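Below: the structure, in structure tokens.
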Amino acid sequence: MSAPAPISFAPRESKHEIEEGTLFAPKFDEHGLMPAMAVDAESGAPLMLAYMNEQSLKMTLELGQAVYWSRSRNQIWHKGATSGEFQEIVEIRTDCDQDALVLRVKQHGGGCCHTKRSTCFYRVVKAADGEALLEPTA
């Protein structure tokens, strides 16, 4: 049995191809990164925002689990590899110019956030009396 072919991305040739074509041509920023928003595949609730580089995006496609680039550790971060809180990819969507991703995932393990909450988005920002305040979500 032969190994699967390595993942490759299409060149970014024309605006029409990027916006209407069928080939994935991701656009990474000047640091080689693109934002990737993970949302719960069933509820649509936001889980976390992270970044991917070319290598982590290819690994994600190959493994079927979310692999990110850790900006703080400056290394590949396979979500859940040490914690058991991995994210099984259900679907990956890209925006019109292919420079941002939404990962629809099944979250496994105790939770998504390093605080052990089910989501990293557990507070709401509100303005009151000239101050920006944080309130816990329901």
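Taken together, the values in this text are just the output of simple stated rules run on the coordinates, not laboratory data. None of the values given here were measured: they were computed from a predicted structure. Please note: Cβ atoms are built from the backbone with ideal geometry, for glycine as well, and neighbour counts cover all protein chains shown.
Summary table
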item	result
For the range 26-136: relative contact order, % (alpha-carbon pairs under 8 angstrom, 6 or more apart)	24
Once exposed loop GluC sites (Glu not before Pro) are cut out (DSSP; at most 14 other Cβ, 10 Å), longest piece of the chain	43-138
Tilt relative to the chain, helix 54-63 - C-alpha long axis, 0 to 90 degrees, to 10	90
Dipole magnitude (debye, nearest 20) for the chain, charges at Cβ of Lys, Arg, Asp, Glu	560
Histogram of C-alpha separations across the range 15-85, 5 Å bin width, %	4, 14, 21, 24, 19, 11, 5, 1, 0
Neighbour-count ranking [beta-carbon atoms within 10 angstrom, fewest first] of Val102, Val39, Val90, Val125	Val125, Val90, Val102, Val39
Listed residues Val125, Pro136, Phe86: farthest to the positive end of the dipole of the range 26-136 (Cβ charges)	Phe86
Residue among Leu61, His114, Pro35 farthest towards the positive dipole end of the chain, charges placed on Cβ	His114
4 °C / 1.567 mPa s Stokes-Einstein diffusion coefficient of the range 58-138, Kirkwood radius on C-alpha pairs, µm²/s	88
Estimated distance in nm for a label pair at Lys126 and Lys15, the labels positioned 7 Å out from Cα along Cα-to-Cβ	4.3
Computed label-point distance, nm, for sites Leu49 and Thr82 using a 7 Å Cα→Cβ extension	2.5
The range 26-66, dipole about Cα centre (Lys/Arg Cβ +1, Asp/Glu Cβ -1), debye to the nearest 20	60
Proximal lysines to Lys15, defined as alpha-carbon separation beneath 27 angstrom and excluding residues fewer than eight positions away on the same chain	Lys27, Lys58
Proximal lysines relative to Lys116, as straight alpha-carbon distance under 26 Å, when same-chain residues fewer than 8 apart are discounted	Lys79, Lys106, Lys126
Amide H partners (placed H, <5 Å) of Asp97, local residues excluded	none
